[in-house]
Every structure is written in structure tokens, then in C-alpha cells.
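Below is one structure, written out as C-alpha cells; the observations come after it.
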Amino acid sequence: MIPSQHLMTQNLAPVGYGSDANLVSSAALPPHGLVTAEDISPYCMAPTGQLGGDAMQGGWPEVHLLDQQPNFEIILPNQRGGKRGPFKDPSLREQTAQTRKIGSCIRCRMQRIRCENNPDEEGGPCLTCKKVSNSRAGRFPCLRYKITDIRLFKPGQVPGYEWTRRWNNNISDPIQNWASDELKTIYISDGLSNKCVKIEVRQFIPQTGDKLERTWDYRGTKRSVSIPPYALVNLEVVKEAYQDHIRDSMKDAFGRLLGPRNGLLFKTYERAWHIYQDQSTSPECHELLHQTLMLWMSVRLTTRSSFIVGNETLGMRRDILDATSPNHGMIPLPPVLGAQLDLILIHHIQTRLRRELLDKLQKMMSKNKQSTWLVTYLVVFILLHNTALITAHDAGYAKKHGMKRRFAREEKVKEYHLGANILLAHFHYCNKGIYPFSEDCKDQDLRTLAGLDEEKIKFVHTTTSYARRNRPEWEEIRQAGAYEHDYFFVSQLFEANWQPRTTI
């Protein structure tokens, strides 16, 4: 870890931004109720009924939890036996090879049974799922989804709007041609806390492909301003500084980004934070929550504009961005320096966190243990909300630069939304037998099946009330295709008979 002096707390004027993501005000939480399903799986919990129920205790507990799901009567696998040898039957070998090529569906993979490809309907439901199509188990769609395919952050700059072409291969080669030997210390703020990152920069000699101005669109006219060419001196030191900053500013960011403190978003993240901090949390749950929260916070830093604060402004005036700019009054980062920070955050921090997080999440959901139900729910909730936030960022970027399309990276946005469907599909599959967010679910079920204490049970009840109260509004959001809305994806956790949605 980098010494603490790299992270400075200063009482600086609040940093304002011109294009904030949509935050949803939460309505007052009414009473609630929960629902039990006909079957209670000894392996996991899940929903079967509709949300509803009579009024119940009102406020959120100090720390909370939530979760819910539809009803799918699916038999969980017994423990795997010994390793088998190669199939002697040529048709079975061919079938296995085909399954490896196209992937097995969620039901077959989770139950560890043969996923038989249907040669008469390539890409359609497998023959194994066809056999149960008329049963309750058949309500769950046959989906060849893999958790490790999920995309959780932007890959880099929008094509045609790159800040530099120096590192197109994502290899952070150091800058060689400097214009000055003088090192300058600046402080960078993302506006999500009163903490900032201290870094050293140096003026460099620009080369072809380096962007030397900041641009924006104002009423259909392109505006720009020249920015002095400064860049990072030591990327490894800055990487360590940002890792510390991500951890230390995360809790503050909740208050800036998650709406009212009594709302579903804030309370759910707060619950995740408290479980993460709890000494009694198991190592596997602690590590998964740690990586989820770290990734979530690091993605916020690459989907918001950061600015220079403090006395050193690299020669830029306070009014360098005029009144037509959405960031008027702020000191922008030099573009090449911004590209270096993206390189650090995306390719050195987020890529590793994503790989480790999704691998752990896949293993946890495959085991489908009762004791991890709450943590699994919280992680899925946060990742679904992240999908809405990165979608909103993409829409905001397209608007800022006057693009004639809804999203700056339309193909990438499709990948983000596929990732949301993958998360929802796995979550809805695993949650069967009992529906924690329905009125028939008893407190005793929550205690024995999920190991919840009274505080967490109260959180489930309050979440149920919130979901029931907001169900009509959430349905309107989904029908309108408001993918940027905080609740477009999260609300689908509460659909009793969920089906994947096609977005753009």
C-alpha cells in the first residue's frame, strides 16, 4: 500500500457536475409481508407467489438485507461422484463435444446433468429442458448463460473520441519525451467525497494522436478549449494511491449516489457494507463483498468526470470551462493524463476485480448454500444497479458530445444488458421453493433456511413493503425501456415469473 500522504482529506468546495445520473427518490415505506412457496428446497430459497400482503413493521433496520424470486420446481444435484472415463458411445462423445462448443444451459449445469442439444432446433431449448416443459420446472427458460461472460464496465474511450492513441494495446508504456524536468503535485477529486488523490505530473512533448483540448456540445455547436499537456510520472504509485482511495471513499460515495438514506438503494448497499465489515462473516462472503464493492466504486471513477482541486492548476484559470460547458467553473484533467487514469482503473484494477469476483460468484451460486443466500442477493443487486449506472453514463456521454444516437457505445451497452439477464437468470433459478418477499413466508422460514437474525428478517419485511408499494412504477419504467433508471434492472429481482428482456 502507498503511504497515507497520497490520500489527502481537504475541506474543499463541493465539486459540482453538470450531468448527474438519475437518482430515484424513494417513497415512504409501507408495511409489508412475505410469501412461502409450496416446496422448500433444502438447498436454497426462492419465490413462488406474487408480492403482496398486509401492513407490517415499517422502518428499515440499522443494517438490512433483501432478496426474492420466482417458483421453479427444480431438483438440486446430489454430490458429484467419482470422475468418469471417456464415453464409449460415439454419439455421446459427439453430443458432449457439441455441448462444450455451445455451452450447457443453466438448469442442466446447476443440476450437473446432460444438456442434450436439439438438432432440430439449433440454438433453441435443449432436449433435457423440453422434457420438463409442461411442469412447473419448465417455467424457467432454457438459457445458455455463463456468469463469467458478464461485462461490468466500459472497455475504454469511445471510438473517435480517444484522448490518445499511445496505448491502444492497453500496455502502459511510459512517456519518453518530456518537455520539462519540473514535477508538479496536483490533487484530483471525483466529487464523491472530501478525499482526493495526490499525484505527480510532468509536462510532455505531444505526439500524433494526443488530444490537447476538451470538447463538448452546446445547442448543436461543438465547443472546445485548449488544455496544457501534462501526464503521470509513475503509474504504479498512482495505481496504489487509487486502490487506497477507492476503499477509503466508498462509504462517502453511497451518500452521494444512492438517493435518500431510507430508500431501497442506500439501505441495500449499507447492508452489504455492514456484512463486509462484520468479523463473523465467512471468508468467502467477505472476499466476494470486498471485490464487489471495490469494483463498483472503481467503475464510478471511470464514469464520472474528475477535476483538479487545490492551488496547483497547471496554469489553467478557474473559468477555463465557460458557461456553456456542463462543468463550468471546474479545472479539467489534461486528456492524456485522463487516459492514463482510465488505463490504471480499467485495465489494472477493474479487469482483475471482475475476473476474481465473477469466478467467486459463479462458484458460490453453483454450491447454492443456504448460508450464502443473503450475500448472493446483495452482490447481484449491486451488480444490477451498476448496469443501470454504466448505461446512464453511456447515454450522458452521447448527449454531452452531440451524438445522433441514444448511447455512445451501443454494442457495449447490449453486452451490459446481456450481463444483467445472466445475473437475473442465475438468481431466479437459485431462488426456488420459498419466496422470501411474499406474504406467506414465515419468519421461522427465514431463520432456519437462511440463517437470518431478527434485524435481517425485519429488513426482508421492509424490502417487501417497498417492492409492493413501487411495483406499478417499476412496471412503467420497464415498459418505457428506461434502461438508465436506477430500478430498471433491480426491479426484475422482484418478478415472480421472470423472463429475459431484449433491450436495444
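The values are calculated or read from the model by the stated rules, or taken from the named source; none is laboratory data. If you're wondering where the values come from, they're calculated on a predicted model, not measured in any experiment. Positions of Cβ are backbone-derived with ideal geometry, glycine not excepted, and every protein chain shown enters the neighbour counts.
Please tell me if Phe381 is more than 30 Å from Val158 (Cβ to Cβ) and surrounded by 22 or more Cβ atoms within 10 Å (Cβ to Cβ). No: the conditions fail for Phe381. Counting only residues that are of a type in the set (D, E, K, R) and out of contact with any helix residue (DSSP H, G or I) (no Cβ under 8 Å at 6 or more places or on another chain), the range 157-197 holds 5 of them. Those helices (runs of 4 or more DSSP H) of the range 325-435 in which at least 3 residues are touching a residue at least 40 places away in the same chain (Cβ under 8 Å), farther than 27 Å from Met250 by Cβ and not hydrophobic (A, V, I, L, M, F, W, C), considering only elements entirely within it, cover 410-430.
Inspection of the range 405-416 identifies at least one residue that is at pLDDT 95 or above, closer than 15 Å to Gly156 by Cα, aliphatic (A, V, I, L, M) and surrounded by 21 or more Cβ atoms within 10 Å (Cβ to Cβ). Arg318 meets each of the listed conditions (1) within 19 Å of the chain's Cα centre (by Cα); (2) within 26 Å of Lys399 (Cα to Cα) apart from (1).
Across the range 196-247, the qualifying residues are those that are of a type in the set (S, T, N, Q) and in contact with an Asp or Glu (Cβ under 6 Å, 6 or more places away or on another chain), and the one among them that is surrounded by the most Cβ atoms within 10 Å (Cβ to Cβ) is Ser224.
When every residue of the range 175-191 is checked against the conditions, at least one turns out to be closer than 14 Å to Leu333 by Cβ, under 25 Å from the mean Cα position of the chain (by Cα) and not in a loop (DSSP other than H, G, I, E, B). Against the numbered list (1) surrounded by fewer than 18 Cβ atoms within 10 Å (Cβ to Cβ); (2) small (Gly, Ala, Ser); (3) at pLDDT 95 or above, Ser280 comes up short only at (3). Taking each residue of the range 260-277 that is touching a residue at least 12 places away in the same chain (Cβ under 8 Å) and small (Gly, Ala, Ser) and looking for partners that are part of a loop (DSSP other than H, G, I, E, B) and surrounded by fewer than 22 Cβ atoms within 10 Å (Cβ to Cβ) with beta-carbon atoms closer than 7 Å, six or more apart or interchain, yields Gly263/Ser26.
Of the residues making up the range 205-220, those that are in a strand (DSSP E or B) and closer than 16 Å to Tyr161 by Cα number 5.
Results for (1) of a type in the set (Asp, Glu); (2) assigned to a loop (DSSP other than H, G, I, E, B); (3) within 23 Å of Gln350 (Cβ to Cβ); (4) over 19 Å from the mean Cα position of the chain (by Cα), shown as yes or no for each residue.
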{"site": "Glu240", "(1), (2), (3), (4)": "yes, no, yes, yes"}
{"site": "Gly259", "(1), (2), (3), (4)": "no, yes, no, no"}
{"site": "Tyr276", "(1), (2), (3), (4)": "no, no, yes, no"}
{"site": "Thr292", "(1), (2), (3), (4)": "no, no, yes, no"}
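Criterion applied to Leu337, Leu341, Leu333, Leu357 was being closer than 24 Å to Arg144 by Cβ and modelled with pLDDT of 95 or more, and the one residue passing it is Leu357.
Of the candidates Ile477, Ile504, Ile422, the single residue that is under 21 Å from Asn368 (Cα atoms) and of a type outside the set (D, E, K, R) is Ile422. Within the range 459-497, the residues that satisfy the criterion of being at pLDDT 90 or above and in a loop (DSSP other than H, G, I, E, B) are Ala480, Gly481, Ala482, Tyr483, Glu484, His485, Asp486.
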